[in-house]
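All remarks here apply to the structure that follows.
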2 protein chains.
Amino acid sequence: MPRPSASRATARPAYFVSDSTGITAETLGSALLANFPGVAFHRHTIPFVDTVGGARDVVRDIQAAAATGAVPILFATVKSAEILAELMASGAVVVDLLGGHLRELEAALGSTASEQLGQYHGVGDIERYFARMRAVEYAIEHDDGQSMRALDIADVIVIAPSRCGKTPTTMYLALQYGLLVANYPLTDDDFPSDGLPAPVAPHLDKCFGLTTTPLRLSQVRHERRPDSVYSSLAQCTLELRRAEDLYRRNRVPFLNSSTKSVEEMSAVIMQSMRLRS
Amino acid sequence: MPRPSASRATARPAYFVSDSTGITAETLGSALLANFPGVAFHRHTIPFVDTVGGARDVVRDIQAAAATGAVPILFATVKSAEILAELMASGAVVVDLLGGHLRELEAALGSTASEQLGQYHGVGDIERYFARMRAVEYAIEHDDGQSMRALDIADVIVIAPSRCGKTPTTMYLALQYGLLVANYPLTDDDFPSDGLPAPVAPHLDKCFGLTTTPLRLSQVRHERRPDSVYSSLAQCTLELRRAEDLYRRNRVPFLNSSTKSVEEMSAVIMQSMRLRS
């Protein structure tokens, strides 16, 4: 997805370098860089740097980038001291996201760190993989009220009007935590009665509601069906008010998705429903 | 999902405490703890600790845990110095995953860190949210060859025999990177010809193949249909050999999913297909 960024010539290069997927380096490095809103960064994620040769390729890239402007910043999650030393010799400012903390832990635990970092392929991982795979399949089958087949085994049922963020939140909970998550759309048909819609009513204790702001909902719906009743501010206002009334009447916990990321919504739902992965 | 763990009495408590979702604290903290395979840890993730009062609740928990055994380890991603100070006073060994690195960056950038850490709700985030939402919907619509409607806009088409990991990998790429990812199952019908299956053949440059080991595939299929031809080792061996031949003949890049996590597979695919989020 394209993102607005300063031109390469003026931006400071930021590298996220990992001997594994690079996701942690990128996540934590980006959170740290967010503290410097006045600086433009040009970001590069380089995963699977797990050989000295691989590190040397990265160093060549960095030195080419450095030749054109500011000193690059490099966030590293690599376990090998030899590979880290190569990266350090690049001339970039290296932020070692692992090493220092490992020394702290060694001191606290009175034990020497092994070389196991990044090795996650024991039996527990295969079980975790099965659980996630089942969870994603369950989520697809039970997306948007398509199937009511196995609601009795759901960990959570996310309910909300159309376009409040049910589907991405459901998928995130399934993939990240391996939870069985169904979702059910609240439509005009669901509001005349006081209780929850019939298919989910027997599972009240598993329900979690989403809401948003009318303006945000109208924008999102406009993307799908421009200039329709469905995307009108009046209709969005009405549906959200009815949904929130329904949640309150039935004591369904709910949250407003308009200012939250998918990760945050998922963490709130986990906490509210007292779920553990 | 239950995981094997040592009993609470003998395990050392490990807390992942965050003023946001806790995902980064848990990911990086777990990677660090993996270096100490001889120590059993009892893990707790506590997200959204963003007030001093919230921190005091955590401290009470930690002190209760510490009273029964070893000194707890606490991994923190909190931006407020005041909250961090509360946590430090708990008696736990606190590993501050942010603070020290922020000081390093301040020195490197010659600039003072703002208090923006964890605030991710600018316009870029809404765009990112839209992109992810569209990507997840696209992935659901195009899962398992269900729809061929919009393959021309796909960023990647994952192809593989049934149960090689197409669906979780597809969802992860969509959710994490906002990419448009379709997937297509290779069945016995697809092997008599030399080329790719007709629906995906026009998109050869977007295809990425998955394979696994016959034993692993047989185990996974056995979960779905025990004691069937489908899950037999002979059938699995045959399908994988044919799939790998197909990939090689058509120069489709592919990887073996048997020893890789969903995150690793996604990162390899991103790199191989030269995709950027």
Discussion item. Defining the label point at 7 Å along Cα→Cβ, can you sort the distances from B:Asn250 to the same site in each other copy, shortest first, in nm?
Written reply: 4.6
Discussion item. Going by amide H atoms built from the backbone, whose H comes under 5 Å of the H on A:Gly22, apart from near neighbours?
Written reply: A:Phe48
Practice prompt. Compute the acute angle (0 to 90°) between the alpha-carbon long axis of helix B:233-249 and the principal axis of greatest extent of the alpha-carbon atoms of chain B; round to the nearest 10°.
Written response: 80 degrees
Response to the item:
Lys and Arg at +1, Asp and Glu at -1: neighbours of A:Ala25 with Cβ under 13 Å from its Cβ sum to -2
Practice prompt. Grab the Cα-Cα distance for A:Asp227 and A:Val71, subtract it from 0.36 nm times how many residues apart they are, and report the gain in nm with one decimal.
Written response: 51.2 nm
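Taking other Cβ within 10 Å of each residue's Cβ, how do A:Lys79, B:Lys206 sort, fewest first?
Numbers: A:Lys79 24, B:Lys206 21.
The order, fewest Cβ neighbours first, is B:Lys206, A:Lys79.
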Worksheet, complete the sentence: Phi angles of segment B:44-51, converted by Karplus (6.51 cos²θ - 1.76 cosθ + 1.60, θ = phi - 60°) into ³J(HN,Hα) in whole Hz with x for Gly and Pro, give 9, 9, 10, x, 6, 8, 10, 9
Response to the item:
Here, segment A:123-272 modelled as identical Cα point scatterers in vacuum has Debye log10 I(q)/I(0) at q = 0.09, 0.13, 0.15 Å⁻¹ of -0.27, -0.56, -0.74
Item to complete: Would you mind checking the tilt of helix A:52-67 against the longest principal axis of the Cα atoms of chain A, expressed as 0 to 90 degrees and rounded to 10?
Response: 90 degrees
Discussion item. At 7 Å along Cα-to-Cβ for each site, give me the label-to-label distance between B:Glu106 and A:Thr51 in nm.
Written reply: 4.2 nm
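Other chains' Cβ within 10 Å of B:161-174 residues: what's the mean?
Details: counts 0, 0, 1, 0, 2, 1, 6, 9, 2, 1, 11, 6, 0, 3.
Shielding by partners across B:161-174 averages 3.
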Discussion item. Quick one: 3J(HN,Hα) in Hz for segment B:215-222, Karplus 6.51/-1.76/1.60 with θ = phi - 60°, rounded, Gly and Pro as x.
Written reply: 5, 4, 4, 4, 4, 5, 5, 4
Discussion item. Under the convention of a label 7 Å out along Cα→Cβ, give the distances in nm from A:Val52 to the same position in every other copy, shortest first.
Written reply: 5.3
Fill in: Across the identical copies, how the A:Gln271 labels are spaced - nm, sorted shortest first, 7 Å along Cα→Cβ
3.5
Worksheet, complete the sentence: For chain B, the percent of all C-alpha pairs falling in each 5 Å bin, from 0 up to the bin holding the max distance, is 1, 5, 10, 12, 12, 11, 10, 10, 10, 8, 6, 3, 1, 0
Practice prompt. Please go through the residue pairs A:Lys166/A:Lys260; A:Lys166/B:Lys260; A:Lys79/B:Lys166 and name each one whose alpha carbons sit more than 19 Å apart in this structure.
Written response: A:Lys166/B:Lys260; A:Lys79/B:Lys166
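Rounded to whole Å and ordered largest first, report the semi-axes of the equivalent ellipsoid of segment B:12-109 derived from its Cα gyration tensor (root of 5λ). Intermediate results must be reported in sequence, preceding the final value.
Details: eigenvalues 90, 59, 26 Å².
Semi-axes (√(5λ), whole Å): 21, 17, 11.
Could you tell me what % of all Cα pairs in the protein assembly as shown have separations over 31 Å?
On the way: 79986 of 153181 pairs.
When every Cα pair of the protein assembly as shown is considered, 52 percent fall beyond 31 Å.
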Worksheet item: Tell me, what ³J(HN,Hα) does each residue in segment A:31-37 have, in order and in whole Hz, if you take phi through Karplus 6.51 cos²θ - 1.76 cosθ + 1.60 with θ = phi - 60° and put x for Gly and Pro?
Response: 4, 5, 5, 4, 6, 10, x
Worksheet, complete the sentence: Here the net charge surrounding A:Pro214, from other residues whose Cβ is less than 13 Å away from its Cβ (Lys, Arg +1; Asp, Glu -1), is +3
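May I ask you to derive the FRET efficiency for B:Arg248 and A:Met148 from their Cβ-Cβ distance with R0 = 45 Å, giving the value to the nearest 0.05?
0.55
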Worksheet item: Counting only residues 5 or more places away or on other chains, whose amide H sits under 5 Å from the amide H of A:Thr45 once H atoms are built in the peptide plane?
Response: A:Phe16
Discussion item. Output the 0 to 90 degree angle, nearest 10, between the alpha-carbon long axis of helix A:99-109 and the longest principal axis computed from the alpha carbons of chain A.
Written reply: 80 degrees
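No lab work stands behind these numbers, since they all come straight from the coordinates. Being a predicted model, the structure only gives us computed values, none of them experimental. A quick note on method: Cβ atoms are made from the backbone with ideal geometry, for glycine too, and the neighbour counts reach across all protein chains shown.
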